[in-house]
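Reviewing the structure listed below.
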Amino acid sequence: MAKSPPELSRPTYPTLKTPSCPKQRTTMSASSLYSPKLSIFLLALCVSLFTLYHIRFLHAPPSSTSWSLMHHWERVTNCTQELESMAEKLRQAVTFLPLKDLRYADTAPEGHTWFMSSMHDTREEGEVQHQQFPSESSKGRLLCLKGKETHDGSWNSYALAWPEALPINATLLKGLTFVSYNHYNYDNIWHGLSAMVPFVSWHRRNGCESPSRWILYHWGELRFNMSPWLKILIEATFGGAPYIENFEGVNDSQPVCFEKSVVMRHNEGGMSRDTMIETYDLMRCKAKVYCNLSLEGRIAEVNKQGLPVIGMTLFMRTGTRSFKNESAVIGIFEKECAKIDGCRLMVAYSNNLTFCEQVCKILSIFSFFINNYNLKHIKYFN
């Protein structure tokens, strides 16, 4: 019997106490090629058969008992060997397919997509499209991945395997694994948030079960990082900083299987408006607790004249989507704000604010929010 591969150590991180959905404790370890469940099953089967035959022998003539016992024990041994042979054939039969199927390059984000193209999503009315392993649709099989390619996703691969017959030299990672496919990237706040939301929705509907690890893919290529803003939001929502799996200590040809995994590849696809609202409500509540802000609505602020203060925030961006002449734009809004009693203008930049400053504190003081491009992530937290 093959030796068990060494356990993979993983960093631990502190958990954050939240008002609801306590974080479940998960562990991660490596599993040997031969499953303990299979060994126990085979042993129990052999003992049962031996017991049945032994009962028969009690009623058999003494002269024939010894020969019959030997004969039937040989049959039990042969049965065990046949079962082990079948398990080995199942291991050999596990077939890995490319994570990125180039046949569907022209319709990459549609339908079954080009990511794990042979698999079809579970669809429930109003809920996110997803895949879960093991499940009834996978016939109890686990998800296995192979490859650490970061430039060509077609070199990475996936397969399904029964827990009792994992691929040769496979490593089994315990706990829940979130596998995310993002057609864009995880550095952009909005695209990263869109990829995260379906996992929060699944988490909300499944007893607030939290992941032991995240595996991030873009076009089938592994990614090992995400925007700091998104990391903090995940930490606030799930009660702990996300561990992004990098498969350290695993070579390119070694399969890695997961005790339980959930795959998302359509972002908010399938989510109804009500489900979307409930999911963002949960994240908003967790973010306010994380940032130590009141869950109650803010009290209207007034100036010295007793007039309500009108907060106007000009949210600036840097790079290709920034204003060409920022000073001129700021001057225009300063001039208009000065015409209104109680108006107060604040200029902020997205790249020099922490998560709590950007999403919570700014939102708690503004009445009007001005931005030149795409501020959906802020809108959902208002």
Residue that is surrounded by the most Cβ atoms within 10 Å (Cβ to Cβ) [pool: residues in region 77-114 that are polar (S, T, N, Q) and part of a loop (DSSP other than H, G, I, E, B)]: THR113
Restricting to region 167-186, give me the number of residues that are on the phi < 0 side of the Ramachandran plot and out of contact with any helix residue (DSSP H, G or I) (no Cβ under 7 Å at 6 or more places or on another chain). 10
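Residue-by-condition table, conditions (1) at pLDDT below 85; (2) under 15 Å from GLY269 (Cβ atoms); (3) in the same structural domain as PRO163 (by TED's automatic domain parsing):
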{"position": "SER85", "(1), (2), (3)": "yes, no, no"}
{"position": "LEU99", "(1), (2), (3)": "no, no, yes"}
{"position": "LEU102", "(1), (2), (3)": "no, no, yes"}
{"position": "ALA105", "(1), (2), (3)": "no, no, yes"}
{"position": "SER117", "(1), (2), (3)": "no, no, yes"}
{"position": "THR122", "(1), (2), (3)": "no, yes, yes"}
State yes or no: is LYS286 among the charged types (D, E, K, R) and at pLDDT below 95? yes
Out of the residues in region 305-338 meeting the condition of being part of a strand (DSSP E or B) and not small (Gly, Ala, Ser), tell me which one is surrounded by the most Cβ atoms within 10 Å (Cβ to Cβ). LEU314
Of the residues in region 174-205 that are more than 20 Å from LYS100 (Cα to Cα), in contact with a strand residue (DSSP E or B) (Cβ under 8 Å, 6 or more places away or on another chain) and among the aromatic types (Phe, Trp, Tyr), the one that is surrounded by the most Cβ atoms within 10 Å (Cβ to Cβ) is PHE199
Say we look at region 319-343 and pick out the residues that are of a type in the set (D, E, K, R) and modelled with pLDDT of 85 or more; which of these is farthest from ASN188 (Cα to Cα)? LYS339
Of all residues being in contact with a helix residue (DSSP H, G or I) (Cβ under 6 Å, 6 or more places away or on another chain) and farther than 17 Å from TYR184 by Cα in region 217-239, which is surrounded by the most Cβ atoms within 10 Å (Cβ to Cβ)? Just the residue, please. THR237
Picked from region 130-173 (must be polar (S, T, N, Q) and touching a residue at least 24 places away in the same chain (Cβ under 8 Å)), the residue surrounded by the most Cβ atoms within 10 Å (Cβ to Cβ) is THR171
Among the candidates SER180, SER135, single out the residue that is among the hydroxyl-bearing types (Ser, Thr, Tyr), assigned to a strand (DSSP E or B), under 21 Å from ARG205 (Cα atoms) and under 18 Å from the mean Cα position of the chain (by Cα). SER180
Does PHE238 meet the test of being in contact with a Ser or Thr (Cβ under 6 Å, 6 or more places away or on another chain), at pLDDT 95 or above and assigned by TED's automatic domain parsing to the domain that holds LYS174? yes
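The values are calculated or read from the model by the stated rules, or taken from the named source; none is laboratory data. Everything quoted here is computed from the prediction, not taken from an experiment. All Cβ positions, glycine included, derive from the backbone under ideal geometry; neighbour counts span all protein chains shown.
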